[in-house]
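Just below is one structure, and these are the notes that go with it.
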Amino acid sequence: MKVTLATHGGLAAGINLRLPPRVIDADTLPEPVAEELAQLVAAAKAAKPPMEEGRARDAMSYTITVDDGGHQVILTESDTTMSREFAALLSWLEQHSTGG
């Protein structure tokens, strides 16, 4: 499984345009860490985002793409509509990923 995180908008929008997406390849992770990632992905895929709270000035939006054995799932949420499960996956990816 390969998971990619791309960010859009917010105060750092101009800077983020130049940064490559963050990428995690679960095949390169120790088994317990890869299992943790798989659990977070499954929870985020199953979660329903909260109702739209409206637009927030300079809110960030996040696109997490999960490639798993030729099957691709794209999850997109924002600072104002993020489920707890998506937030947990986002936080994990930000802590464990590198650009490129």
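Derivation of every value follows stated rules applied to the coordinates shown; laboratory data play no part. Just so we're clear, the structure is a prediction, and the values are computed from it rather than from any experiment. With ideal geometry, Cβ positions are generated from the backbone for all residues, glycine too; neighbour counts draw on all protein chains shown.
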Residues residue 61 and residue 31, FRET efficiency given R0 of 41 Å [Cβ-Cβ distance, rounded to 0.05]: 0.80
Residue-span extension gain [residue 43 to residue 1] - 0.36 nm each, minus C-alpha spacing: 13.6 nm
Amide proton proximity set for residue 60, modelled H, under 5 Å, gap of 5+: 79
